[in-house]
Amino acid sequence: MATKSEILIVGGGVAGLALATRLGETLGKRGEARITLIDKSFSHVWKPMLHCFAAGTVQNENNRISFMSQASRHYFDFWPGEVIAVDRQNRKAVLGPVRSSDGSVALEERTVEYDALVLAIGSCANDFGTPGVAEHCLFIDNLVEANGFNEKFRLELLKAFAANKELDIAIVGGGATGTQLAAELHKALDLVRLYSFERNPPRLKLTLLEAGARILPAFPEQVSEAARRQLEHINVEVRTSAQVSGADAGGFMLKDGSYVPATLRVWAAGVKAPSVTTRFGGLSLNRSGQVIVTPNLRSVDDERIFAMGDCSFISDEPLPPTAQVARQQAHHLARHLPAFIRNGTDVPQCVFRNKGAIVALGDYNGWGTLPGGTVFGGGMFKGLSARVGHLMLYRQHQVELYGLYRGLLSCLADWIDALVQPSIRLD
Ligand SMILES: Cc1cc2nc3c(=O)[nH]c(=O)nc-3n(C[C@H](O)[C@H](O)[C@H](O)COP(=O)(O)OP(=O)(O)OC[C@H]3O[C@@H](n4cnc5c(N)ncnc54)[C@H](O)[C@@H]3O)c2cc1C
């Protein structure tokens, strides 16, 4: 390999930004390789918080990390742009043009060369081709969509309030995203009452539709049951075994023939890789479009291409699309890519260590599971400790990226901000 190797990381999410930061501190700082991160946006957000941004219960302005600033502090380069194809023969990633808000082209389409390419472009919800969903539903897969949802939510709430009606929202998908979003929207309504509407508060009718037999299927049954009871306690209607057959401008059609009317329709079910993976030079993909990798995270077709996080799939040992998996895989590559770059040493197998899972329903309740003999089958904790644990995952992520001092300062800044700013997004 050339003396100054080019390592290109596509996607600065949970996995990609952690890897770029760590490799920058090792290979980049010593000038042994050039580390370049590419992302279609200019800043990083902690994706597990998107439902809070969508509900407006957390302000996203304070919770973004600028890629440029992170790159300048940690010895890697950042280029904005959406990767639209990979030319494997010539070892180049093709970036689409970067446009300004008026649509004019700020940066033309271009290519970036690599010696090693790491794909970390995440995932999005999967509508499985259900008719009407793409046209009539909102998604919260990224910050732009979460902000778009929030704007619609605030305006529809205002309209419903003016007409003295309740606002009906239906969410498809009883996994962590849909379940947490339902609770967070309810919390938003609780908070908005503090600022206005005191005499006649707006009303919300929330319906959570899940095709399976229970919500939160990745958790033990006790957690699913407790979460269901908690949601019903705050008046969220939870419908399990509810298979959606279509969506239109007024609601969802179910396979049993019933219709769920909803002014706002959210699709938060299924996981698939972004469709661009089909333009990655014929890399093997699974049915969800995820790049098939060996247990050492290398593409089964190309020894210079690695994939990690939600966009990757290990056939022998499929792992859930979670932040915990993405983070551990990034740490693994950060540890072993330097030897691969220096002398071609193979990256060893990445062994996933399940550290448990946590889900938080707004300020209402939370549950955590600790690993036991089986996945998510060990001990359990709930209530405040689970809610704090959920928050600590984000704080840990901040500290990892910022370093201890800046990470703690950033937590302090958030707490001060919470004393000054409204506790919900109002504009
Ligand atoms: C609402 C919500 C709640 C969640 N809650 C939890 C939770 O409580 N616990 C948990 O473990 N997991 C949770 N998850 C899942 C978790 O967020 C993901 O598993 C994790 O973010 C995956 O990390 P990643 O690095 O693979 O992808 P991401 O973090 O999604 O990052 C992908 C990055 O790639 C960029 N990108 C995409 N396409 C391109 C392209 N073509 N060119 C350039 N850049 C591109 C994106 O801009 C993004 O920055 C939640 C997800 C959602 C949506």
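The values are calculated or read from the model by the stated rules, or taken from the named source; none is laboratory data. Keep in mind that what you see is a predicted model, and the values were worked out from it rather than measured. As a convention, Cβ positions derive from the backbone with ideal geometry for all residues, glycine included, and neighbour counts pool all protein chains shown. These accessible areas exclude ligands, DNA and RNA; they are computed on the full protein's heavy atoms, side chains included. Shrake-Rupley method; radii C 1.70, N 1.55, O 1.52, S 1.80 Å.
Miscellaneous remarks
- Heavy-atom surface analysis with a 1.4 Å probe gives the chain a carbon and sulfur content of 53 percent of its accessible area.
- Surface exposure of the stretch 274-427, expressed per residue as accessible area with a 1.4 Å probe, stands at 50 Å².
- The loop-placed GluC sites (Glu not before Pro) in the stretch 28-133, going by DSSP, that have at most 14 neighbouring Cβ atoms within 10 Å of their Cβ come out as Glu108, Glu109.
- Membrane-span-like helices of the chain, defined as complete DSSP H segments with a Cα extent of 15 Å or more along the helix axis and a mean Kyte hydropathy of at least 0.0, are identified as 143-162, 176-192, 404-420.
- Descending Cα extents along the principal axes, the stretch 133-270, whole Å: 40, 33, 30
- Straight-distance candidates among the aspartates and glutamates for linking to Lys205, with alpha-carbon spacing under 17 Å and chain neighbours fewer than 8 residues away dropped: Glu156, Glu166, Asp168, Glu184, Asp190, Glu232, Glu237.
- Neighbour cut-off at most 13 other Cβ (10 Å), DSSP loop, trypsin sites (Lys or Arg not before Pro), the stretch 1-45: Lys4, Lys29, Arg30
- The figure for Tyr364 is an accessible area of roughly 60 square angstrom, using a 1.4 Å probe on the protein chains alone.
- Per-residue ellipticity at 222 nm computed for the chain from its helices equals -10000 deg cm²/dmol, with DSSP H segments shorter than 4 residues left out and the rest contributing -39,500 (n - 2.57).
- Reachable aspartates and glutamates from Lys355, criterion Cα separation under 18 angstrom, eight or more residues apart if same chain: Asp310, Glu317, Glu400
- A compact globular protein would have a Cα radius of gyration near 2.2 N^0.38 Å; the ratio found for the chain is 1.00.
- Only Lys, Arg, Asp and Glu carry charge here, each on its Cβ (+1 for the first two, -1 for the last two); on that basis the stretch 1-156 has a dipole of about 580 debye about its Cα centre.
- Rounded to the nearest 20 debye, dipole of the stretch 272-379 from Cβ charges on Lys, Arg, Asp, Glu: 160 debye
- On a per residue basis, the stretch 133-270 carries 45 Å² of accessible surface, using protein heavy atoms and a 1.4 Å probe.
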